[in-house]
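The values are calculated or read from the model by the stated rules, or taken from the named source; none is laboratory data. Since this is a predicted model, take the numbers as computed values, not measurements. Here the Cβ is made from the backbone with ideal geometry for all residues, glycine too, and neighbour counts use every protein chain on show. Just the protein is used for accessible areas: all its heavy atoms, side chains included, with ligands, DNA and RNA removed. Shrake-Rupley method; radii C 1.70, N 1.55, O 1.52, S 1.80 Å.
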Amino acid sequence: MADALASLGQGSSNANVAKIAIEQRKKKAEVVEPQIISEELLIEGVEEPVRPDGDAWEPIDFPQVTSLRLSFKNIIEISNLNNFDSLLTLRLDNNIIDKISNLGHLRQLTWLDLSFNNIREIEGLDDLHELLDLSLYHNQIEEIKDRLDGCPKLNILSLGHNNMKDLKQIDYLRQFQNLRCLCMEGNKVCNHDSYNQHVLAYLPHLKYLDYMLIDRKAVAQAQEGYNLEELTEVREKEQAEQTRQKAQAEKSSTIEKLKTAFLDCTEDLFEEMFSKEVEPENVLVLQCYQGLKEDYRDKLSEEIKGLRARMEEKNDVRLRKVSAFEKAIYASEKESEDEAFQQIRDFKSVKKKVLSQVDKEDGVRAEVDDLLKHLLDELGDLENQLMANEIALQESIEEALSDFEAKIMDLVKSMLDNSREFFTRLEDLEKSFLTGLTEGANSEIEAFTQTQESAIADTDPQKAKYLNNREEMNQALTNFTDAHTSLITNKDDYMTNQMNSWNRTYFENHRARQYHRNRQRVMDIRKVIDECKSEIQAASEDGNEYDEGDGGVDPYGR
């Protein structure tokens, strides 16, 4: 046994380690019945943090636990982990679990060990975004599929001794740019002659494969010579996807910026107006249509450009005014609070001196009562002054808020006027477009009817179909314009509601904040006053006990 342990300590193979683990598991299984995760197991399984007194953790303290080990317990299902929200490390290896479940709330988890179980499918990991180390070694998993998408930070992944056969399973792991250690040993996929080359070609960021350090020269060779055509196609698709995502991110950023100026509805306005869902097939056969459409695009672009310039200028003024106003409010609040704190500190200093003097009096009760009465009077004055200052602050803030609200209302009204002007001009543009399109359509239909262009009818039946039916064409134009009008109206309403909603919500929130701040200040003042009053009354009661119960003897034995 000593020799075996020495050999193991010198670096035995993973196969030996797995064999030992399996043997231990078998021994456990022989004597332990299938179990659920009980409170007793949880208390026993807590590893970190260690309590200072060395005692076991109580269930009430489970939210503080960061490391939990439930290995070799013959656990049949994952359950009862609801209170472990701070868990970083969870070991559930060497059990008989057949399904990954009930882990979604463990959002801080970085290490999860589910090796040596009966799991057939990777699932239930969608919310474990912080997971770095995942072991599913020695289970019955056949496919990775897309079940690890929720774990983008994976650094170590152990899938050894499962039932994976297809090299394409490896390709999925390419998206995990932080993956540095991968174990696939014991799977049939490893029997492919090109297994090593495939992994190195598709996962060039790996440092360890099946617990062996990867030779960087081998990676370079695989990159240059293995399955080059397919790998090039994969890289091109990835590049295209990255470009798409970058464009999408930039688009989202642009929209968010426009939203701060209530202009997000103007982005892609033309594309919405002429989308496939809105644009009828009938107009596509008209020779005049493309020219009118491009003219519409150019004029709309100019109108949007002008609107954005005017709105952004006014919005910059709005943001500056809001920032200056909030700074002024916070400065007033801080000044008032600092003044109140100083008044309280001054009174407590006086109180300390008076109570110290009371302690030193040799029994002249009348003088003690006078001192304490005067102190209580000063405390009453302090309370009145603090409350008066708070009321004065609230009145000044409300006055400032009302004045600022009127100024902002004027600014918002000016922005609303700009918005209305834009949509009025857009409506005029739409009328001009409809007029040109209707005239062009009627002219082309008339020409088609008069000449009976049989040649065109033969070569372009779609054109003949729509130009032969004036009523259907006119209805299509009406529907097209109605769709535009509806879209313009919705955009107008959206922008107007955005500005009015911001204006209303901003001042409602400010007033609500002031209300709660004032309530808290009043409660804080009363708490301080009550504490001081209790301390003074306690000193008075001590004096009474001194007079009545001690016959002139100092109760403190002095």
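One table, with the values for the structure above:
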{"item": "Among residues of the stretch 106-123, those that are within 22 Å of E48 (Cβ to Cβ), without any contact (Cβ under 8 Å) to a residue 24 or more places away in the chain and either part of a loop (DSSP other than H, G, I, E, B) or hydroxyl-bearing (S, T, Y) (or both), counted", "result": "4"}
{"item": "Test: residue in the stretch 4-17 that is modelled with pLDDT under 90, at positive phi and open to solvent by less than 80 Å² (accessible area, probe 1.4 Å)", "result": "yes"}
{"item": "Index of the failed condition, L125 passing every other in (1) open to solvent by less than 10 Å² (accessible area, probe 1.4 Å); (2) farther than 18 Å from I97 by Cβ", "result": "(2)"}
{"item": "Every residue from the stretch 66-101 that is of a type in the set (A, V, I, L, M) and either within 28 Å of the chain's Cα centre (by Cα) or not in a strand (DSSP E or B) (or both)", "result": "L68, L70, I76, I78, L81, L87, L88, L90, L92, I96, I97, I100"}
{"item": "Breaking point among (1) surrounded by 16 or more Cβ atoms within 10 Å (Cβ to Cβ); (2) over 30 Å from R420 (Cα atoms); (3) in contact with a Phe, Trp or Tyr (Cβ under 8 Å, 6 or more places away or on another chain), for Y226", "result": "(3)"}
{"item": "Exclusive hit being open to solvent by less than 30 Å² (accessible area, probe 1.4 Å) and within 26 Å of F270 (Cβ to Cβ), set F507, F448, F480", "result": "F480"}
{"item": "Qualifying strands (runs of 3 or more DSSP E) (wholly inside the stretch 128-199; at least 1 residues being closer than 22 Å to T89 by Cα and among the acidic types (D, E))", "result": "133-135"}
{"item": "Residue match in the stretch 222-234 (condition: under 30 Å from V412 (Cβ atoms) and either in contact with a helix residue (DSSP H, G or I) (Cβ under 7 Å, 6 or more places away or on another chain) or of a type in the set (D, E, K, R) (or both))", "result": "no"}
{"item": "Residue in the stretch 318-330 that is within 30 Å of A441 (Cα to Cα), open to solvent by 60 Å² or more (accessible area, probe 1.4 Å) and without any contact (Cβ under 8 Å) to a residue 40 or more places away in the chain present", "result": "no"}
{"item": "The one condition in (1) modelled with pLDDT of 90 or more; (2) over 28 Å from the mean Cα position of the chain (by Cα); (3) surrounded by fewer than 17 Cβ atoms within 10 Å (Cβ to Cβ) that H516 fails to fulfil", "result": "(2)"}
